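> Okay, handing you the structure first.
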Amino acid sequence: AIILVHWLLTVWGCMTYLLPPSYAWGNFSVLAVGIWAIVQRDSLDAIVMFLTGLLLTVLTDIIHISISYPAHDLNDTKRFSLGMAIFSLLLKPLSCYLVYRMYRERGGE
């Protein structure tokens, strides 16, 4: 569910070309690592990389959104796109907590 929600919010965040391509590359690559963490349930490395990627995308999303946020010329589509990117950013700490719990369940210390 974490991957599906963040994938959908990232797709909606990239609907307009307001955010740079590095926003999409960063988020989709972390989601790919998340799929790897789902497929290999016994791997601690996959879940640690997914958690680290989520934590790093919190920082990069803040930078992308703050740099790309326009002062003027916000139509409804751009407002929706930025809103979904911000909503994804706000959900990431909860996702990090849930992924950390999965890490602990897999035997991480």
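The values are calculated or read from the model by the stated rules, or taken from the named source; none is laboratory data. This structure is a prediction, so every number in the text was calculated from the model and none was measured. Cβ: placed from backbone, ideal geometry, glycine included. Neighbour counts: every protein chain shown. Areas reflect the complete protein model, heavy atoms only, side chains present, ligands, DNA and RNA absent. Shrake-Rupley method; radii C 1.70, N 1.55, O 1.52, S 1.80 Å.
> Looking only at the range 80-97, count every residue that is β-branched (Val, Ile, Thr) and either within 9 Å of the chain's Cα centre (by Cα) or outside any helix (DSSP H, G or I) (or both) and tell me the total.
Summing the residues that are β-branched (Val, Ile, Thr) and either within 9 Å of the chain's Cα centre (by Cα) or outside any helix (DSSP H, G or I) (or both) in the range 80-97 gives 0.
> I've got another one for you. How many of the residues in the range 40-73 are under 19 Å from Gly108 (Cα atoms), aliphatic (A, V, I, L, M) and within 19 Å of the chain's Cα centre (by Cα)?
Qualifying residue count, the range 40-73: 7.
> Could you check the range 97-109 and list, in sequence order, the residues that are in contact (Cβ under 8 Å) with a residue 12 or more places away in the chain and either over 13 Å from Ala1 (Cα atoms) or open to solvent by 60 Å² or more (accessible area, probe 1.4 Å) (or both)?
The answer is Leu98, Tyr100, Met102, Tyr103, Arg106, Gly107, Gly108.
> When you look at Ala71, is it open to solvent by 80 Å² or more (accessible area, probe 1.4 Å), small (Gly, Ala, Ser) and out of contact with any strand residue (DSSP E or B) (no Cβ under 8 Å at 6 or more places or on another chain), yes or no? Even if it seems obvious, please write down each step before you answer.
Working: open to solvent by 80 Å² or more (accessible area, probe 1.4 Å): yes; small (Gly, Ala, Ser): yes; out of contact with any strand residue (DSSP E or B) (no Cβ under 8 Å at 6 or more places or on another chain): yes.
Considered against the rule, which asks whether it is open to solvent by 80 Å² or more (accessible area, probe 1.4 Å), small (Gly, Ala, Ser) and out of contact with any strand residue (DSSP E or B) (no Cβ under 8 Å at 6 or more places or on another chain), Ala71 comes out as yes.
> Please enumerate the residues belonging to the range 14-40 that are within 18 Å of Ile65 (Cβ to Cβ) and either in a loop (DSSP other than H, G, I, E, B) or open to solvent by 90 Å² or more (accessible area, probe 1.4 Å) (or both).
Selection gives Cys14, Met15, Thr16, Tyr17, Leu18, Leu19, Pro20, Pro21, Trp25.
> Taking Ile47, is it more than 19 Å from Thr10 (Cα to Cα), part of a helix (DSSP H, G or I) and out of contact with any Pro (no Cβ under 6 Å at 6 or more places or on another chain)?
Yes.
> With Thr52, Thr77, Thr57 as the choices, which residue is among the hydroxyl-bearing types (Ser, Thr, Tyr), open to solvent by less than 20 Å² (accessible area, probe 1.4 Å) and not in a loop (DSSP other than H, G, I, E, B)?
Thr57
> When you go through Ser43, Ser66 one by one, which is the residue that is modelled with pLDDT of 90 or more and out of contact with any His (no Cβ under 8 Å at 6 or more places or on another chain)?
Just one listed residue meets the conditions, Ser66.
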